[in-house]
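Chemist: Okay, handing you the structure first.
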Amino acid sequence: MEQVSIKNGFTGILASLGIIAGAAFFTYAALQGEYGMFRLFQIQAQESRLLAELEVLADNHNRLQNRTHRLSNEYLDLDLLDEQARKVLGLARGDEIVIR
């Protein structure tokens, strides 16, 4: 009879260790795994950085698109054209003094 209770105790200990090991594994996977909480926080931080970068790039794109439109054949901004001629071609008016 004593032998049966030792065997049942040993089985109980093994079952308890198995449950503890399983719980530890699933806890680790929930925190550190590929789809765990820490990975979720990394992805959320990356999303925030990328959205901020997207906003900057969109503003830059809109600014360049507006400038391109102002230099197009459909719409000609004389002030912008004068600025570009001065900057790119080095042109100046006859009554201006150029200092370099």
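Chemist: Checking the structure you have, find out if any residue of segment 2-9 is surrounded by fewer than 10 Cβ atoms within 10 Å (Cβ to Cβ), over 33 Å from the mean Cα position of the chain (by Cα) and small (Gly, Ala, Ser).
Modeler: yes
Residue by residue, here is whether (1) modelled with pLDDT under 80; (2) surrounded by 10 or more Cβ atoms within 10 Å (Cβ to Cβ); (3) of a type in the set (S, T, N, Q) holds:
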{"position": "Phe41", "(1), (2), (3)": "no, yes, no"}
{"position": "Ala45", "(1), (2), (3)": "no, yes, no"}
{"position": "Leu54", "(1), (2), (3)": "no, yes, no"}
{"position": "Asn60", "(1), (2), (3)": "no, yes, yes"}
{"position": "Asn73", "(1), (2), (3)": "yes, no, yes"}
{"position": "Asp82", "(1), (2), (3)": "no, yes, no"}
{"position": "Leu91", "(1), (2), (3)": "yes, yes, no"}
{"position": "Val98", "(1), (2), (3)": "yes, no, no"}
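The values are calculated or read from the model by the stated rules, or taken from the named source; none is laboratory data. It should be emphasised that the depicted structure is a prediction, and the values quoted were computed from it without experimental measurement. For neighbour counting, all protein chains shown are included, and Cβ atoms are generated from backbone atoms with ideal geometry for every residue, glycine included.
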